[in-house]
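What follows is one structure encoded as structure tokens, with my remarks underneath.
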Number of protein chains: 2
Amino acid sequence: MSDPLEELRAALGDAALVTEPAAKEPYRRDRALDPRPGMPLAVVLPETTAEVQAVMRWASAHGVPVTPRGAGTGLSGGATAIEGGVVLSTERMRAVRVDAATRMAVVQPGLLNAEVKAAVAAQGLWYPPDPASFEICTIGGNAATNAGGLCCVKYGVTADYILGAEVVLADGRAVRVGGPRLKDVAGLSMLKLFVGSEGTLGVITELTLRLLPAPPPARTVVAWFDDTERASAAVFAIASRIRPSMLEYMDRTAIGAVEDVLGMGLHRDAAALVVARSDDQHPDGAEVASMLGAFTDHGAFETFEAADQSEGERFAHARRIAIPAVERLGPLLLEDVGVPIPLLAELVAGVEEIARAREVTIAFIAHAGDGNTHPLIVYDPEDTALTERAHLAYGEVMDLAIRLGGTITGEHGVGRLKRPWLVEQIGDDLLEVSHRVKRALDPQGILNPGTIFAADSAASDDSAAPDEGAHTR
Amino acid sequence: MSDPLEELRAALGDAALVTEPAAKEPYRRDRALDPRPGMPLAVVLPETTAEVQAVMRWASAHGVPVTPRGAGTGLSGGATAIEGGVVLSTERMRAVRVDAATRMAVVQPGLLNAEVKAAVAAQGLWYPPDPASFEICTIGGNAATNAGGLCCVKYGVTADYILGAEVVLADGRAVRVGGPRLKDVAGLSMLKLFVGSEGTLGVITELTLRLLPAPPPARTVVAWFDDTERASAAVFAIASRIRPSMLEYMDRTAIGAVEDVLGMGLHRDAAALVVARSDDQHPDGAEVASMLGAFTDHGAFETFEAADQSEGERFAHARRIAIPAVERLGPLLLEDVGVPIPLLAELVAGVEEIARAREVTIAFIAHAGDGNTHPLIVYDPEDTALTERAHLAYGEVMDLAIRLGGTITGEHGVGRLKRPWLVEQIGDDLLEVSHRVKRALDPQGILNPGTIFAADSAASDDSAAPDEGAHTR
């Protein structure tokens, strides 16, 4: 068996191996639409940890790069296929087991976030993290990116709900990190290191999740502003005073795009819409009153409490579909920049200035309550000049966030598309030390090369990273 | 300047250097009373990050091991001095800056946990993590061990409140990891890796802490049992149904020791005391009713709600002083084992059996609501046979926890004393991979050698680890 592919086929069986070019095509890139994906040798569809181990043993024996992949909803190019590599899709790894008495769930990575939520809700429990894409993204991808969402402002991010994991290492060994224990400090926090490592340190094959009791009912407050600065100031005031369970922001472009889709009567001429929630159960309802007061004090031209859960949910849904709605205007370069909340107004104004200077449309939506924002840069691949200006703006928004003491990515991950900016944020020394950790765990550099770290030229043909040209830096 | 110590003196100045044997003596061990501490060459007392950098540059140039140290309240021998090494005490690093508007605090590591709590409370805010030793332990030590406490059952552990840190690496470089951002996934989660690494990967010189609004008022419920199994069952029932903000356990030995100190009228003949709190603000008071019901259903011979905050605090205080109270019976070997909560009764029974078989006194206290327990083994250094039996019991309790799928340490850390058992819990592969990370960050092995990882013989004279003899394994 000198043909590596035949060796892989022998190890996994035909059914778990995709080699037809047309069938491989959908696995070449994620929703970031990296313009230069490679054509993988094969896509593998393991069902068990043992099969993932077989893939990694094979890959390390042959020095073949492996791109772990959930549902491909990533927005940073973290699942771009490598030419001649293997895409490892977790789509068939879908087991789930809920233990209501200890409020934990053990899940395989291919389950959708919404399926996890549903499985635990059936037992009266709640898995909080809620990326806007929760109906189409996998829990494994959530763990790999340490995904956020709308409720994170009060309830934290994915990492906060992961108690344990099984991880297959680059050399094919499987290790268990953490476990069904609420407190465990035995040894280095390797669990927390694997979470958010975007498939560069290992392949997560199982997760033990911490759950909460069913969520308390929430009250939704809506506010409309004709000035973005006043809207940002209201957000800061609320975040300083109380702990809202949601605090979301959309600008005029996003409002219009969503209204085009939903026709729910949103004010197209407003500069900003803020949707906030409180699930505080105190009978005095002080949080809702505090939010309404803050909106009024900061000049909202209209503010009200949603009449009921259903009306509140309509506004939350409007926010959640903002990215696909804006995508109807054209392909997007998706930002994920975050800043300390007091600097939110400055970020909003700076992004507006970049849009003006570069003559591009940038819709601005945000998990405003935790300072995490998504400027969405619209471009047109047919229009080379516009596309180039869009890419310049893409980098300038990240430069701005870094200047404001912020981050280039709050919840989507670095992937390939933001990698050139990582060093500006974290500095040479921390990047160098992180790279040492990467090499310690993946000495051949076969795990998702090009994501977070530049691909080691020794490990693949990818030394000219495919995104270096796409973004002008 | 060929004398290394003179070089260090030149770099730091006389005032920051302790070399007198008598003055060094209190820095040789922590509260775990490791029986074989080394005599350090010097104790250094830096005030700034730059001074810590100077120490590490000097240490790496000369290959001198460095033991980072907070207040020395550690219970696992994580701050045992190395013969010929340097103890780096953070006691003079005491700056604190609170930003109420963003609910964050930036602190140096030498501040006591209680001082952090007080500084933020002065601005109406709350830093939740509350080790029982909060009045005497440092925030830097809390971060180094990822310390827990009583409120963790609802509010999480130290790592959950650390947004950023400044860390001095083994070679003297200082890096900033994370920062004042509620969501940030740029690069590997190095921040979470440094937290809980017990000084083996770097020296934390600054922390950015996330704060909460002032804590809501809590109601305290007390229950007395004449059977430990029923008490454990009640704990499990409560932890399954609601989210108590405290759920603590003490056995007869601990109750008696505390009563000796406080004389507050505790039932000396009870088998177990459970102290629970709810800070749920729902007006129906359902959580308190649920807890009282669970205690009654599981056969408590007495259960009641504390009349007021002050009575509730008396019971919480009784639990907090349990370790020093039991210490009056003799020196302790302190366990920190955790198990999944359904197995709490089995752990309690197993520890009782070990105490009987080894003829040693073991007091049992626990953060029962998260399955984290502290069997306290009393010994007498004058009685060699008893001391040997106590050490055997110490290992047997950890073996039992591992057999039950638990952890050898929930919140104190591995230190030196639990190191021989770490591999049994996490396995050869994960230990090997963790060691690779350690070497990647500290190739000379100068950072707290002997803690978590066996000291590399190349890096120090410590190849015969001091605890190997003390514990029979």
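The table below gives the values:
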read-out: Matching residues in region B:413-442 - criterion: being assigned to a loop (DSSP other than H, G, I, E, B) and more than 9 Å from every other protein chain (Cβ to nearest Cβ); value: B:G415, B:R416, B:L417, B:D442
read-out: Residues satisfying the stated conditions in region A:372-397, i.e. closer than 22 Å to A:A144 by Cα and touching a Ser or Thr at 6+ places or on another chain (Cβ under 9 Å); value: A:N372
read-out: Per-region count, region A:365-396, residues away from chain B (no Cβ under 14 Å), of a type outside the set (G, A, S) and either open to solvent by less than 10 Å² (accessible area, probe 1.4 Å) or part of a loop (DSSP other than H, G, I, E, B) (or both); value: 10
read-out: Qualifying residue in region A:203-216 (condition: in contact with a Cys (Cβ under 9 Å, 6 or more places away or on another chain) and more than 9 Å from chain B (Cβ to nearest Cβ)); value: yes
read-out: Residues of region B:106-116 classified as under 19 Å from B:P180 (Cα atoms) and surrounded by fewer than 21 Cβ atoms within 10 Å (Cβ to Cβ), total; value: 1
read-out: Condition met for B:A101 (in a loop (DSSP other than H, G, I, E, B), open to solvent by less than 50 Å² (accessible area, probe 1.4 Å) and not polar (S, T, N, Q)); value: yes
read-out: Test: residue in region B:286-295 that is closer than 21 Å to B:W421 by Cα, in contact with a strand residue (DSSP E or B) (Cβ under 9 Å, 6 or more places away or on another chain), within 14 Å of another protein chain (Cβ to nearest Cβ) and hydrophobic (A, V, I, L, M, F, W, C); value: no
read-out: Region A:298-356: number of residues that are under 13 Å from A:L400 (Cβ atoms) and loosely packed, with under 15 Cβ neighbours inside 10 Å; value: 2
read-out: The listed residue being among the hydrophobic types (A, V, I, L, M, F, W, C), open to solvent by 10 Å² or more (accessible area, probe 1.4 Å) and within 9 Å of another protein chain (Cβ to nearest Cβ), out of B:L193, B:L182; value: B:L182
read-out: Qualifying positions in region B:108-135 - of a type in the set (D, E) and part of a loop (DSSP other than H, G, I, E, B); value: B:D130, B:E135
read-out: Selection from region B:241-260 of residues that are closer than 17 Å to B:A300 by Cβ and open to solvent by 30 Å² or more (accessible area, probe 1.4 Å); value: B:R241, B:R252
read-out: Pair list, Cβ < 8 Å and 6+ apart or interchain, from region B:437-448 residues that are at positive phi to residues that are of a type in the set (S, T, Y) and buried (at least 21 other Cβ atoms within 10 Å of the Cβ); value: B:G445/B:S460; B:N448/B:T67; B:N448/B:T200
read-out: In region A:318-358, the residues that are touching a strand residue (DSSP E or B) at 6+ places or on another chain (Cβ under 7 Å), among the small types (G, A, S) and assigned to a helix (DSSP H, G or I); value: A:A322, A:A355
read-out: Candidates A:F315, A:F295, filtered to the one that is assigned by TED's automatic domain parsing to the domain that holds A:S240, in a helix (DSSP H, G or I) and within 19 Å of A:R230 (Cα to Cα); value: A:F295
read-out: A:A132 vs. criteria among the small types (G, A, S) and modelled with pLDDT of 95 or more; value: no
read-out: Residue count, region B:144-159 (criterion: closer than 16 Å to B:G371 by Cβ, part of a helix (DSSP H, G or I) and within 10 Å of chain A (Cβ to nearest Cβ)); value: 2
read-out: Helices (runs of 4 or more DSSP H) completely within region B:1-78 that count 1 or more residues being basic (K, R), surrounded by fewer than 22 Cβ atoms within 10 Å (Cβ to Cβ) and without any contact (Cβ under 8 Å) to a residue 12 or more places away in the chain; value: B:4-12
read-out: Residue count, region B:268-289 (criterion: assigned to a loop (DSSP other than H, G, I, E, B) and out of contact with any Lys or Arg (no Cβ under 9 Å at 6 or more places or on another chain)); value: 4
read-out: Filter pass, B:L386 being touching a residue at least 40 places away in the same chain (Cβ under 8 Å) and in the same structural domain as B:I321 (by TED's automatic domain parsing); value: no
read-out: Candidates B:V203, B:V221 - the one that is open to solvent by less than 10 Å² (accessible area, probe 1.4 Å), within 30 Å of B:A294 (Cα to Cα) and aliphatic (A, V, I, L, M); value: B:V221
read-out: Test: residue in region B:334-343 that is without any contact (Cβ under 8 Å) to a residue 24 or more places away in the chain and not aromatic (F, W, Y); value: no
read-out: Subset of region B:261-284 [closer than 23 Å to B:P215 by Cβ, among the charged types (D, E, K, R) and exposed (fewer than 13 other Cβ atoms within 10 Å of the Cβ)]; value: B:D284
read-out: Matching entry among A:G141, A:G164, A:G124 (being open to solvent by less than 20 Å² (accessible area, probe 1.4 Å) and either more than 7 Å from chain B (Cβ to nearest Cβ) or out of contact with any Ser or Thr (no Cβ under 7 Å at 6 or more places or on another chain) (or both)); value: A:G164
read-out: Test: residue in region B:235-246 that is assigned to a helix (DSSP H, G or I), more than 23 Å from the chain's Cα centre (by Cα), over 30 Å from A:Q281 (Cβ atoms) and in the same structural domain as B:F364 (by TED's automatic domain parsing); value: no
read-out: Residue count, region A:160-218 (criterion: closer than 23 Å to A:A79 by Cα, under 24 Å from the mean Cα position of the chain (by Cα) and either aromatic (F, W, Y) or not in a loop (DSSP other than H, G, I, E, B) (or both)); value: 15
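To keep it simple, each residue is scored yes or no on (1) of a type in the set (A, V, I, L, M, F, W, C); (2) modelled with pLDDT of 95 or more.
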{"residue": "B:Q281", "(1), (2)": "no, no"}
{"residue": "B:D297", "(1), (2)": "no, yes"}
{"residue": "B:I321", "(1), (2)": "yes, yes"}
{"residue": "B:D336", "(1), (2)": "no, yes"}
{"residue": "B:E359", "(1), (2)": "no, yes"}
{"residue": "B:H367", "(1), (2)": "no, yes"}
{"residue": "B:G371", "(1), (2)": "no, yes"}
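The values are calculated or read from the model by the stated rules, or taken from the named source; none is laboratory data. In this text, all values refer to a predicted model and were calculated from it rather than measured experimentally. Ideal geometry is used to build each Cβ from the backbone, glycine not excepted, and the neighbour counts take in all protein chains shown. Each accessible area value is taken on the protein alone, full model and side chains, heavy atoms only, with ligands, DNA and RNA left out. Shrake-Rupley method; radii C 1.70, N 1.55, O 1.52, S 1.80 Å.
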